[in-house]
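For reference, the structure discussed in these notes is given below.
Each value in this text was obtained by applying a stated rule to the coordinates, not by laboratory testing. No experiment lies behind these values; they were computed from the predicted model shown. Cβ sites come from the backbone with ideal geometry, for glycine too, and all protein chains shown count toward neighbours.
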Amino acid sequence: MSDNPVVKSARGRRSGSWRGEWRFAAAGLLITAILLVSTGACAVWAERTQGQSLQGAHLDQVRGTGRLLAQAAEGLLAANELSALRRLVADSSQDLGLSLCRIALPDGQVVADAIPSNITHKDLPERWTGAVVEEGEAGKGIYVFPVVVPGRGNARLEMMAESPPATAAFWQVMNGMGAITILALAATMVAYRWMQGRLRALAAVRMALLAHNRGEVGPAALEVDAALGLEAKAWNQLLAHGAGQRKEDAIKKTRETLQARRQYTDHLASACDALSQGLVLVGRDLRAEYVNGAAAALLRTKRETMLGAEVASFLADDRIVSACRASTGEQMPRRTIIEVPREEAGGTTLLRFVIRPVRRDDWGVAMIIIEDITQQRVADQSRHAFVAQATHELRTPLTNIRLYAEMALDEGKQDTAVVSNCLNIINQETFRLDRIVGDILAIAEIEAGTMSLQQDDVRLEELFLELRTDYAAQADEAKIKLLFNLPPKLPIIKGDREKIRLAIHNLLGNALKYTPAGGQVTVGAAVDRGRLVVDVVDTGIGMSEEDSHRVFDKFYRAKDPRVGKIKGSGLGLAIAREVVRLHGGDITAQSELDKGSTFTLVLPIPETVN
Amino acid sequence: MPLKERKVGAVHVLRLEGPLRGEEAVPFRDRLVQSVNASLGRCVVDGAAIPYVDSRGLEVLAEAGDELAQTGQSLKLCGLNETVRQVLELTELAPRFEFFADVNAAVRSFL
C-alpha cells in the first residue's frame, strides 16, 4: 500500500474521488434514462404504426373481398343459388375473421349470413324494390357493398371486420423491449462498474496532476496506487520514467560539472607543475596540502612524501615553520622572505623561501614559494668582484699617470730628461689603460651576450704570418726563441677574423710574457678530424695545479710572486676562451710549475668550408 | 665521445663533442641526469660541437626534457647547428626544449 498523499486522498477521501466521478456517474445515469425513455417511445410508436398498418391492410383485404363477394353474390342471386351464396358468405367470413358478413335486401331481410340463424328469408323473392346503395362505411364499422341482381332488384352486402389484436401486440413488444432494456441496463451497470474502476485511477491521476500544479514535484508524492488499474500503472511508469530521466540529467549534469572542475583542477595542477618555482600550500595544521613538482625537486624529496606531512619534516628551518604558523593564524603577515643556503656536493645552493598567507574563509593557508637563487647570487658576486677588479685595474695605471704627471710638473722644469721619462711612462700607462678598458668592454659584451661575431673567411696562413711578424721583435728582445710549427697548407675557416686573431694573440703574448730569457715558445697548428688545433707551448714559469684551474677566470692572477712583477689585467685568457667558445671551440691549459705551459685552442671547421 | 662539464657561475654546462648517437648517448644521458640532479636543474647542454643526432640521441634528449618538465624546468640547449635544430623541429620535439644561441645566453636565462 502506498502512503503517498495523493493515493490516500484518492482512496481514503471517497467523497473526493466521487467528486471526480460524479460527473461521469450522472452522465451514465442520464444516458441510461434517455435510453430507457427512447426505447419505450420507440416501442409505442412501433406498436401503433404496426397496428395501424395491419388494420389498414385488413380493411383493404375486406374491401377487396367484399367487392368480389358482391359480384359473386349478384350472379348467384340472379341464379337463385342461395345455398352456394350462403356457403360463400360463411367461408369468406371465416377466412377474413369478419364479425358480420351478410347479404340483405332493401327491406332489411337477410338472405345470406355467416351465421345461418340470422337468415330471415329462406327463399328469395322473385322481385323486390329498393335503391342501390353506395359502397362505403355505413357506420358502426359496417362496410356496405352494392349487389345488383339483374331482373330481381338491388341488395347489399354488409361486412364488419374485427379489429386486429392490437392490445396483445403492444404488450408483446413491451415485454421484449423491457427484457432488452433490463439486459442493457445490466450491461450498462457492469460497464459502469468497470468504468468506475478506471475513473478512480483517472481521479487519482487527476489529483496527482493538481498536486503537481500546486508545486509538488516529488515522484513519491505524485505516485498513485498501482492497484487502481492500468492507468495508474501507466502513470506511475510515466513518473518513474520522468524521475529516471531527471536523475540521469542530474547525474549527467553533475558529471559534466565534476568533469569541468576536474579539468580545471587538472589545468591548475598542470599550470602549477609548469612553474619553475616550488609551490607548497600549508594548512592550518601546518601540514602540506599541495606540493608542485618543482618544490619536491628543490627540496630533494618526493611529492608523495611531502603531501600531508608536517612542514617541519621537510623544512628544517625554524624560521620557515614560524612564518607558516603566523601565516595560517589570525594575524597574517604580508610576506616573509627567508634565504637558506644548503651545502651540497656540487657546491652551495641558495634557496629563497617566500611565505605569504592566502586567506580561505575564516582562516588562511600559507603559500611557500621556493626559488633557487644560487645563480643569481653567484652572478651578483661575480658582478661585484668584476667591478672591484676593474676598478683596481683601472686605478693602477691612473695612479701612475697622475704621479708621473705630478713629477713632470714638479721636477720637469729643472730636468727635461725627467719630463721625457714621465711622459713616456704616462704614454705607456695610457696604452695600458686603453687595453684594460677594451678588455673590460669585451668581457662586459661577452657576459651581456651582446658580443657579435662576424662571419669572415679567416685565412690561417696569413694570420700566422702576421703573428710571426708582430712577435718576432718582442721575442728577440726578450731573448726567447719563437718557433712556428705549421703544416705546408692551412685551410680557410669561417669565423670572426679579428676575434680569432685576438685569441691567438693573447695566447702567444702570454707565453712570451711569462717565459724568461733563453726560453722557447712554439706555435703549432694542425687540422685534426674537422677541427683546427693550435698549440702554444712555452718553457716559461708554468703554473701550479690550482692556478691551472683558475687561469681562465676573469682578473685572476697566479699567486706566484713572479707573476705579480709582470703587468697584466687577468682578462686576456678569459676573453680568449670566451671568444673561442662563441665560435664553438675551446681553449684548454696544461702546465707544470717551472717547466712551462701548453695552451691548446680548438676550433671546429664547418664542413662546407672544408 | 668527448664529454666535458664545466660550471659557469652556478650553472653546469655539459658539452658534447661529437654526434649524439646509438649507445654513445647512454653515458651522455647518465652524465646529464647526474648534472641535473646535482645542480637542481641548473644545467645547459652546449651542442655547438654536436654535428648530428640519431633517434637514440633524440630519445635521450626527450627523456631529459620530460624529466625536467615535471619540476617546471626545461632542458636548455645552446649552440645547436641547423641540422640538429631541424631534426628536433621535424620530430616535434623542439617544444620540449629551450634554445639559446650560445652558452652565455643560456646561463643568463637562469637569472
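What is the local net charge at A:G540, summed over the other residues whose Cβ is closer than 11 Å to its Cβ (Lys, Arg +1; Asp, Glu -1)? Cβ neighbours under 11 Å give a net charge of -1. Counting only alpha carbon atoms, the long axis of helix A:318-328 and the longest principal axis of chain A meet at about 30°.
Seen against the Cα atoms of chain A and their longest principal axis, helix A:82-96 is set at about 20 degrees.
Which of the residue pairs A:K413/A:K513; A:K489/A:K567; A:K559/B:K7; A:K554/A:K595 have a Cα-Cα distance greater than 28 Å in the structure shown? Table pairs above 28 Å Cα-Cα are A:K413/A:K513; A:K489/A:K567. For segment A:378-444, a crude dipole built from +1 on the beta carbon of Lys and Arg and -1 on the beta carbon of Asp and Glu, taken about the Cα centre, is about 140 debye to the nearest 20.
Extending 7 Å from the Cα toward the beta-carbon at both A:W171 and B:E63 defines two label points whose distance is 12.1 nm. Under a model in which nothing but the beta-carbon of Lys, Arg (+1) and Asp, Glu (-1) is charged, chain A shows a dipole of about 1860 debye around its Cα centre. Once the chain from A:V358 to A:H549 is taken as fully extended at 0.36 nm per residue, the excess over their C-alpha distance is 63.9 nm. With Cα atoms defining each centre, segment A:544-577 and segment A:25-86 are spaced 157 Å apart in the structure. Where the only charges are on Cβ atoms (+1 Lys, Arg; -1 Asp, Glu), what is the dipole of segment A:229-268 about its Cα centre, to the nearest 20 debye? Taking the Cα centre of segment A:229-268 as origin, the dipole is about 100 debye. Within the same chain, lysines fewer than 8 places from A:K302 are excluded, and of the rest, those with a Cα less than 25 Å from its Cα are B:K76. For peptide B:33-40, the mean count of partner chain Cβ atoms within 10 Å of a residue's Cβ comes to 4. Beta bridges assigned by DSSP with both partners in segment A:466-596 are antiparallel in approximately 65 percent of cases. Projecting label points 7 angstrom from Cα along Cα→Cβ for A:A444 and B:A101 puts them 1.9 nm apart.
Computed from the C-beta positions of A:Q50 and A:L185, the FRET efficiency with R₀ = 25 Å rounds to 0.50. Sorting A:115-121, A:481-487, B:68-74 by their mean Cβ neighbour count within 10 Å, with the most densely packed peptide first, gives B:68-74, A:481-487, A:115-121. With R₀ fixed at 45 Å, the C-beta to C-beta distance from A:T305 to A:R246 puts the FRET efficiency at about 0.50.
Near B:R15, the amide H atoms lying under 5 Å from its own belong to B:K4, B:E5, B:R6, B:D46; only residues 5 or more places off or on other chains count, and H is placed 1.01 Å from N. With 0.36 nm allotted per residue and the present C-alpha distance subtracted, the A:R193-A:H267 stretch has 19.9 nm of extension available.
Taking a ≥ b ≥ c as the square roots of the Cα gyration tensor eigenvalues, with a/c under 1.5 meaning rounded and otherwise prolate when a/b beats b/c, else oblate, which class fits chain A? Taking the square roots of the gyration eigenvalues as a ≥ b ≥ c, chain A is prolate. Within straight-line reach of A:K253, meaning a Cα separation under 25 Å, there are no lysines at least 8 residues removed in sequence or on another chain. Computed from Cα atoms, the angle from the helix A:572-582 axis to the main principal axis of chain A rounds to 30 degrees.
With R₀ fixed at 56 Å, the C-beta to C-beta distance from B:S109 to A:D415 puts the FRET efficiency at about 0.40. Cross-link reach is defined here as a Cα-Cα straight distance under 22 Å, omitting same-chain residues fewer than 8 places apart; for A:K247 the lysines meeting it are A:K233. When you restrict to C-alpha pairs under 8 Å that are six or more residues apart and normalise by the size of segment A:378-444, the relative contact order lands at 35 percent. For A:L482, the amide hydrogen comes within under 5 Å of the amide hydrogens of A:V521, counting only partners 5 or more places away or on other chains and with H modelled in the peptide plane.
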